[in-house]
Amino acid sequence: MKKCGRCGTEKPESEFNKDRYSKTGLRSQCKQCMKLERKRLRDHYQRWRQRDDVKRWYAEYRRKRYLQDKEKVRARNATKNIESQPCEICGDTKSEAHHDDYSKPLDVRWLCRRHHVEWHCNNDARSHQ
């Protein structure tokens, strides 16, 4: 039995989601409390996004980002029409397109999520120094 940190109710451990970062290996909030919290946040952000000032800010933000990253956007859009290939490192069929050079939008390497993140962790830091 475990006590929920939100509602304070004692519940069986099966009523808690796993959390590999906690000492017990379980979330501090029960599944029911987590569900209510997700709904509360979803409703909050839906109302927030409907505000006129937020809509104007977001439209301006997207315009600026597009102008900054025009080449990246075009390269990413070009890969939507290409059939994906297995990861070139592990062979996983669920892979993502990686561009070494955005000026060559169809020249891509196919990497699974794990290896794509790994590639950026090992290479992006060096290129920004």
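Per-structure values
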{"quantity": "Filter result (among the aromatic types (F, W, Y) and either surrounded by fewer than 11 Cβ atoms within 10 Å (Cβ to Cβ) or closer than 18 Å to R113 by Cβ (or both)) within region 62-85", "calculated": "none"}
{"quantity": "One residue from E88, E37 being surrounded by 12 or more Cβ atoms within 10 Å (Cβ to Cβ) and either in a loop (DSSP other than H, G, I, E, B) or of a type in the set (F, W, Y) (or both)", "calculated": "E88"}
{"quantity": "Pair list, Cβ < 7 Å and 6+ apart or interchain, from region 84-113 residues that are not assigned by TED's automatic domain parsing to the domain that holds Q68 to residues that are assigned to a loop (DSSP other than H, G, I, E, B) and buried (at least 16 other Cβ atoms within 10 Å of the Cβ)", "calculated": "none"}
{"quantity": "Selected residue (criterion: surrounded by the most Cβ atoms within 10 Å (Cβ to Cβ)) from residues of region 91-103 that are out of contact with any strand residue (DSSP E or B) (no Cβ under 7 Å at 6 or more places or on another chain) and of a type in the set (S, T, Y)", "calculated": "Y102"}
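The values are calculated or read from the model by the stated rules, or taken from the named source; none is laboratory data. It should be emphasised that the depicted structure is a prediction, and the values quoted were computed from it without experimental measurement. Neighbour counts are summed over all protein chains in view; Cβ atoms, including those assigned to glycine, are modelled from backbone coordinates with ideal geometry.
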